[in-house]
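Each remark here refers to the structure printed beneath this line.
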Amino acid sequence: MRYLFILSSMFFFLSCSTKQKKEIIAEASCGQCKFELKSQNGCDLAIKIDDKAYFVEGANIDDFGDAHDEKIGFCNVVRKVKATGILENDKFIASSFEIVK
């Protein structure tokens with residue numbers, strides 16, 4: 001009985017500490033050009049969650065066309081996206097990332 005209690009307690013604590021992936025609708029753009037992030041050089045994809053911007057891992061700024069296109073490029077416009085992922089070490093780790101039209 002004691003072993004069952006120990007095992008169930010360990011499972012409970014491990015499941016509570018696991019980060020859950022969340023699906024969100026948010027703004028995305030170039031972290032440097034539009035969200036004024038300074039921790040990386042060059043143009044990199046970023047997402048804004050609760051008024052704070054995070055660089056994205058798992059999706060690249062050029063995956064969605066030319067980042068410097070005047071009408072749709074992430075360096076020139078902020079676009080609405082649907083993304084699934086987790087926040088980890090001040091980055092958004094994306095498992096899915098798509099533009100909402």
Query raised in the report: Under 7 Å by Cβ, and 6 or more places apart or on different chains, what pairs join a residue from the stretch 88-101 that is surrounded by 11 or more Cβ atoms within 10 Å (Cβ to Cβ) with one that is outside any strand (DSSP E or B) and hydrophobic (A, V, I, L, M, F, W, C)?
Result: Ala94/Ala59; Phe97/Ala59; Ile99/Phe64
Report task. Would you point out which residue out of Lys52, Lys34 is crowded, with 19+ Cβ neighbours inside 10 Å, out of contact with any Pro (no Cβ under 9 Å at 6 or more places or on another chain) and basic (Lys, Arg)? Result -> Lys34
Requested in this report: For the stretch 56-78, enumerate the residues that are crowded, with 18+ Cβ neighbours inside 10 Å and either acidic (Asp, Glu) or under 13 Å from the mean Cα position of the chain (by Cα) (or both).
Outcome: Val56, Ala59, Ile61
Query - strands (runs of 3 or more DSSP E) wholly inside the stretch 1-91 that include at least 1 residues being among the basic types (Lys, Arg) and at pLDDT 95 or above - result: 45-49, 52-57, 79-88
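The values are calculated or read from the model by the stated rules, or taken from the named source; none is laboratory data. If you're wondering where the values come from, they're calculated on a predicted model, not measured in any experiment. Backbone-built Cβ (ideal geometry, glycine too); neighbour counts: all protein chains shown.
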